[in-house]
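Some notes on the structure that comes next.
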Amino acid sequence: MATRLLRTNFIRRPHCFSSLRPVGSPTVTASTAAVPEILSFGQQVPEPPLHHPKHNQTHHDIDLSDQARLFASVPTPDLLRSTAVLHAAAIGPMVDVGSWVMSSKLMDNALTRGMVLGVVKGTFYDHFCAGEDASAAAERVRSVYEATGLKGMLVYGVEHADDAASCDDNMQHFLRTIEAAKSLPTSHFSSVVVKITAICPISLLKRVSDLLRWEHKSKSFKLSWKLKSFTVFSDSSPLYHTNSEPEPLTAEEERELEAAHVRIQDICRKCQESNVPLLIDAEDTILQPAIDYMAYSSAIMFNGDKDRPIVYNTIQAYLRDAGERLHLVVQEAEKEGVPMGFKLVRGAYMCSEGKLADSLGHKSPVHDTLQNTHACYNDCMTFLMEKASNGSGFGVVLATHNADSGRLASRKASELNINKKNGTIEFAQLYGMSDALSFGLKRAGFNVSKYMPFGPVETAIPYLVRRAYENRGMMASGALDRQLLRMELKRRLMAVIA
């Protein structure tokens, strides 16, 4: 089987920090501290000063100023580990060396491999991952909920597969993930997450994306194998990946595509039977058209409940065409009477997007400035919340580490009289990151989930490398968490001494 684990090109930096720059130099406060300030590699963001709430703060706002209340449910040993891991991940050279080791020939030696994986497991893995199998992850979800009230999103941690055998194996893991979620009280979890790249070979996703792009370019070009779906392009979508008419799928490729459809449909059916929402993750634009196509065709088949969707697709707001595509899909879904679920994120592939576009002589599909990405995210968020508020069956997961977006959503929810507890709107952050924001949103009355990947340590390596890069001092949200953790540890220490 060809599920890739170590020493692959998937162990890569998730962000190209020099390609997306903030406009101006805004002051970092507790309100803006969760906004990732994207700078060039190696440049550290200063630890943000904390500001207490202003006197005109309303009950609709989230409060990140009182670390004692935010971390009240977290045991001191957990605080110590979190502080150590997040501070280690903020040291750029340490992250660079660690990622090099994990993708080097040292991992071919049994002795050094065991030593490296042992260190990783006791530090980054235990901090960012939920366990080595579905049952262990379910128990971690249970313990996190019982301690903090935060729900869990279960994510089998494999990212890519290259052949049918590994795709079939991954599908079985996803089915076991659904069973694990089903075993939990519904109050403890929110959804399971699947990556299409783990159940359909990468090469086939690229081929299907090329053909879909060419179909959009040439209206006379027809795809006989295409299932009913919603649009995956707008007029501003990047099409430069496909400059000439692709060869049609071979008979073997069509069989592989049908097998991939069967896998995702089996997963969706299991989720529908178990009443477990399914979130489909996003990828680079070179693959995303095929992922969107499969996600929307699955939504048409399985989102039959008018009150709550089963299948959620992901919208990446750092893409310039994100808002247009979202509006088009919602318009088509409403016309067809299909309830839709969306997970809204900013995005994680700036570097690879920019490099590919530049190599082909085109502009990056990512917004030019960080502020434009924030504006797109907030516009999409507001649009989705308005749709969800009218009882049309829309479900929205606001995946953000940005406190300003959280505050805006909180005020919008109150303005629209959205029920914070019925699951229509929920927030999500990565497990091990932005805990202050998670606790603040939970205290404001929202459903909040942590994205909790699980799987063998070696399977989680690409995911852990991305988390390390995101925490290496480049994101003010990480700086805020580190500062709050230090303050709370100091407060507890002083309380013991006193």
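By the scheme Lys and Arg +1, Asp and Glu -1, what is the net charge of all other residues having a beta-carbon under 12 Å from that of R207?
Once positives and negatives cancel, what remains is -4.
At a temperature of 4 °C and a viscosity of 1.567 mPa s, determine how fast region 216-347 diffuses translationally according to Stokes-Einstein, using the Kirkwood radius over alpha-carbon pairs as Rh; express D in µm²/s, rounded to the nearest whole number.
D = 82 µm²/s.
Between N419 and K219, what's the calculated FRET efficiency when r is the beta-carbon distance and R0 is 51 Å? Round to 0.05.
Calculated transfer efficiency: 0.75.
Taking square-rooted eigenvalues a ≥ b ≥ c of the alpha carbon gyration tensor, is region 331-394 rounded, prolate or oblate, where a/c under 1.5 means rounded and, failing that, a/b exceeding b/c means prolate?
Cα axes put region 331-394 in the prolate bin.
Quick one: length gained pulling M115 to T250 fully straight, 0.36 nm per residue minus the C-alpha distance?
Full-extension gain reported as 44.1 nm.
Using unit Cβ charges (K, R positive; D, E negative) and no other charged atoms, how large, in debye to the nearest 20, is the dipole of region 92-237 about its Cα centre?
Roughly 640 debye for region 92-237.
Over the alpha-carbon set of the chain, divide Rg by the Kirkwood Rh and report the Rg/Rh ratio to two decimals.
So for the chain, dividing Rg by the Kirkwood Rh gives 0.94.
Between L80 and E139, what length in nm is gained on full extension when 0.36 nm per residue of separation is reduced by their alpha carbon distance?
This chain segment gains 19.1 nm when fully extended.
Sort F383, F71 from largest to smallest accessible area, using a 1.4 Å probe on the heavy atoms of the protein chains.
From most accessible down to least: F383, F71.
Set Lys and Arg Cβ to +1 and Asp and Glu Cβ to -1, take the dipole of the chain about its Cα centre, and tell me which of P365, M301, G445 lies farthest positive.
Of the listed residues, the answer is G445.
Tell me, in nm to one decimal, what length is gained between S203 and V101 on full extension, where the rule is 0.36 nm per residue of separation less the Cα-Cα distance?
This chain segment gains 34.0 nm when fully extended.
Once Lys and Arg get +1 and Asp and Glu get -1 on their Cβ, which of V262, A180, P248 lies farthest toward the positive end of the dipole of region 176-281?
A180
For region 285-294, in order, what is each residue's ³J(HN,Hα) by Karplus, 6.51 cos²θ - 1.76 cosθ + 1.60 with θ = phi - 60°, in whole Hz (x at glycine and Pro)?
Calculated HN-Hα couplings, in order: 5, 5, 10, 4, x, 5, 5, 4, 4, 5 Hz.
For the chain, what is the percent of antiparallel DSSP beta bridges, rounded to the nearest 5?
If we restrict to bridges inside the chain, about 5 percent are antiparallel.
Among N109, M94, S82, flag the residue with its Cα farthest along the positive direction of the charge dipole of region 54-126, charges on Cβ as +1 for Lys/Arg and -1 for Asp/Glu.
Highest projection toward the positive end goes to N109.
Near L441, within a Cβ-to-Cβ distance under 15 Å, what is the net charge of the other residues, with Lys and Arg +1 and Asp and Glu -1?
+3
Enter the accessible area per residue of the chain (Å², integer; probe 1.4 Å; all protein chains in place).
On a per-residue basis, 40 Å².
In percent, what relative contact order does region 108-261 have, based on Cα pairs under 8 Å that are 6 or more apart in sequence?
Over region 108-261, the number comes to 20 percent.
Give a residue-ordered list of calculated ³J(HN,Hα) values for region 245-257 (Karplus: 6.51 cos²θ - 1.76 cosθ + 1.60, θ = phi - 60°; whole Hz; x for Gly, Pro).
Working through the residues one at a time gives 4, x, 5, x, 4, 6, 4, 5, 5, 5, 5, 5, 5 Hz.
Where Lys and Arg each count +1 and Asp and Glu each count -1, what net charge lies around I497 among other residues with Cβ under 12 Å from its Cβ?
+3
May I have the pair-distance distribution P(r) for region 120-215, computed from all Cα-Cα distances with 5 Å bins from 0 and rounded to whole percent?
Whole-percent P(r) values from 0 Å outward: 3, 13, 19, 18, 16, 13, 8, 6, 3, 1, 0.
Report, in degrees rounded to the nearest 10, the 0 to 90 angle that the Cα long axis of helix 403-415 makes with the longest principal axis of the chain.
For helix 403-415, the angle is close to 80 degrees.
Show that you can apply the helix-only estimate: for the chain, add -39,500 (n - 2.57) for every DSSP H stretch of four or more residues, divide by all residues, and state [θ] at 222 nm to the nearest 500.
Computed mean residue ellipticity for the chain: -15000 deg cm²/dmol.
What is region 340-437 by shape, rounded, prolate or oblate, if you read a ≥ b ≥ c off the alpha carbon gyration tensor as root eigenvalues and call it rounded for a/c under 1.5, prolate for a/b larger than b/c, and oblate otherwise?
Because a/c hits 1.5 or more and a/b exceeds b/c, region 340-437 counts as prolate.
What does the convex hull of the Cα atoms come to per residue for region 282-423, in Å³?
It comes to 102 Å³ per residue, whole-number rounded.
To the nearest 20 debye, what charge dipole does region 312-373 have about its Cα centre, counting +1 at the Cβ of each Lys and Arg and -1 at the Cβ of each Asp and Glu?
Around 180 debye, computed over region 312-373.
Report the label-to-label distance for D126 and A375 in nanometres (one decimal), using points 7 Å from each Cα along the Cα→Cβ vector.
4.6 nm
Rounded to the nearest 10 Å², what accessible area does E159 have for a 1.4 Å probe in the complete protein model?
Looks like 20 Å² after rounding.
Going by a ≥ b ≥ c, the root eigenvalues of the Cα gyration tensor, does region 253-326 fall in the rounded group (a/c under 1.5), the prolate group (a/b larger than b/c) or the oblate group?
oblate
Relative contact order for region 296-348 using alpha-carbon pairs under 8 Å, separation at least 6, rounded to a whole percent?
47 percent
Normalised by the number of residues in the chain, what is the relative contact order in percent for Cα pairs under 8 Å and 6+ residues apart?
29 percent
What do you get for the angle between helix 164-182 and the principal long axis of the chain? Use alpha-carbon atoms, 0 to 90 degrees, nearest ten.
The helix 164-182 is inclined about 50 degrees to the chain.
How big is the gap, in Å, between the Cα center of region 252-307 and the Cα center of region 394-425?
The two parts, judged by their Cα centres, are 25 Å apart.
Might you report the magnitude of the Cβ-based charge dipole of region 86-166 about its Cα centre, with Lys and Arg at +1 and Asp and Glu at -1, to the nearest 20 debye?
In debye, rounded to 20, region 86-166 gives about 240.
What is the helix-to-structure angle for 370-389, meaning the angle in degrees between its Cα long axis and the longest Cα principal axis of the chain, kept from 0 to 90 and rounded to the nearest 10?
80 degrees
Using alpha carbon coordinates only, what is the Rg to Rh ratio of region 233-286, with Rh defined as the Kirkwood radius?
When Rh is taken as the Kirkwood radius, the ratio is 1.10.
The values are calculated or read from the model by the stated rules, or taken from the named source; none is laboratory data. Computed from a predicted structure; not experimentally measured. Backbone-built Cβ (ideal geometry, glycine too); neighbour counts: all protein chains shown. Please note that ligands, DNA and RNA were not included when accessible areas were found on the heavy atoms of the full protein model with its side chains. Shrake-Rupley method; radii C 1.70, N 1.55, O 1.52, S 1.80 Å.
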